[in-house]
Amino acid sequence: MPTPHKHAEVIKAWADGHEIQVRNKSINSMWVTIDSHDTIGWYSENEYRKKPEEVVDYTIVGNTGVSGGLFCSNIEDLSKYYVTTFPNRQGYMKRTRVDGSVVSLEFIKK
């Protein structure tokens, strides 16, 4: 039985039309999305993956009435990223995650 290519699973995903990302840890640890018009070399020293789906969620953010106080409706870890408010400031916090890691937070004023 033949041995499958090291990147066989990702090659199949690419053939099915999924966006693919590449990184070479010896140069840079960042994942880079490959343009759909580029030729992919499938080099053994590189890592490849299907581009992960971004997960976006929102929570209500408001002032508790106590200096520096903040309440949030559903993002448990928000306090690590957003720890202060200003008087009469309320709105929504938009959080975007990729592979479980927060990649951006944006305050949307109500």
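The values are calculated or read from the model by the stated rules, or taken from the named source; none is laboratory data. Since we're looking at a predicted model, the values are computed, not measured. Methodologically, a virtual Cβ is constructed for each residue, glycine included, from the backbone with ideal geometry; neighbour enumeration extends over all protein chains shown.
For the reader, a short list of remarks on this structure follows.
- Residue in the stretch 1-18 that is part of a strand (DSSP E or B), under 27 Å from Arg95 (Cα atoms) and in contact (Cβ under 8 Å) with a residue 24 or more places away in the chain present: no
- Cβ-Cβ contacts under 6 Å between residues 6 or more apart (or on different chains), taken from a first residue in the stretch 91-110 that is in contact (Cβ under 8 Å) with a residue 60 or more places away in the chain and surrounded by 14 or more Cβ atoms within 10 Å (Cβ to Cβ) to a second residue that is assigned to a strand (DSSP E or B) and not aliphatic (A, V, I, L, M), are absent.
- Subset tally (residues that are without any contact (Cβ under 8 Å) to a residue 12 or more places away in the chain and either touching a Lys or Arg at 6+ places or on another chain (Cβ under 7 Å) or not in a strand (DSSP E or B) (or both)) for the stretch 25-42: 9
- Criterion: modelled with pLDDT under 80 and under 30 Å from Pro4 (Cα atoms) - qualifying residue of Gly65, Gly91, Gly17, Gly100: Gly100
- When Ile40, Ile75, Ile27, Ile34 are screened for being at pLDDT 55 or above and touching a helix residue (DSSP H, G or I) at 6+ places or on another chain (Cβ under 8 Å), only Ile40 passes.
- The single residue among Val22, Val56 that is farther than 30 Å from Lys109 by Cβ, assigned to a strand (DSSP E or B) and at pLDDT 70 or above turns out to be Val22.
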